[in-house]
Amino acid sequence: MNKAILVGRLTRDPEVRYSQGENATAVARYTVAVDRRFKRDGEPTADFIPCVVFGRSAEFAEKYFRQGMRVSISGRIQTGSYTNKDGVKVYTTEVIVEEQEFAESRAESEANRASYQHSAPAPAPSAPAGDGFMNIPDGIDEELPFN
């Protein structure tokens, strides 16, 4: 079984391109910074995991995911290789995303993004709605990657 589950922050806004051909498909790429549970002196404190997502989910990521946002993804690890222009073989590892979702409320995301971009104190997040779920704006039902 090949299953990866990650929770971390986006290092930048997703980059989206479209495949060529009659049925062009959106392909989004983003990197998730995942904190390491145990930290040792002199070692990095996070891993930076490249992720790829396709189709409507890629379009969703382009529209709603932003740098610094905390996300949760699941998918499979895929490895590959290619020879670069200098003739050197390059090995790749990335997560092919099957599911992606927000891992924080909109208020938390905006507060974290403000402090991330401006290094200013972030306002305290507002309390969630009574049921604990974020409201989805009207008119985007068709764009959500789930039913």
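The values are calculated or read from the model by the stated rules, or taken from the named source; none is laboratory data. Here the structure is a predicted model, which means the values were calculated and not measured. All Cβ positions, even for glycine, are placed from backbone atoms using ideal geometry, and neighbour counts span all protein chains on display. Surface accessibility is based on the protein's heavy atoms, side chains included, excluding ligands, DNA and RNA. Shrake-Rupley method; radii C 1.70, N 1.55, O 1.52, S 1.80 Å.
Provide, for q = 0.10 Å⁻¹, the log10 of I(q)/I(0) from a solvent-free Debye sum over equal Cα point scatterers in the range 1-97. With no solvent term, the Cα-only Debye profile gives -0.32.
Look at the alpha carbon pairs under 8 Å that are at least 6 residues apart: their mean separation over the length of the range 1-101 gives a relative contact order of 32 percent.
Over the range 26-82, what is the relative contact order in percent, taking alpha-carbon pairs closer than 8 angstrom and at least six residues apart?
36
Multiplying the residue separation of Phe54 and Ser74 by 0.36 nm and subtracting their alpha-carbon distance yields 5.9 nm. The residues of the range 1-105 expose on average 67 square angstrom of accessible surface per residue, using a 1.4 Å probe on protein heavy atoms. Across the range 70-75, coupling constants 3J(HN,Hα) worked out from phi with the 6.51/-1.76/1.60 Karplus curve, θ = phi - 60°, read 8, 10, 10, 10, 9, x Hz, and Gly and Pro carry x. Using a probe radius of 1.4 angstrom, the carbon and sulfur fraction of the accessible surface of the range 1-94 is 47%. In terms of the mean number of neighbouring beta-carbon atoms within 10 Å, the peptides 34-40, 5-11 order highest first as 5-11, 34-40.
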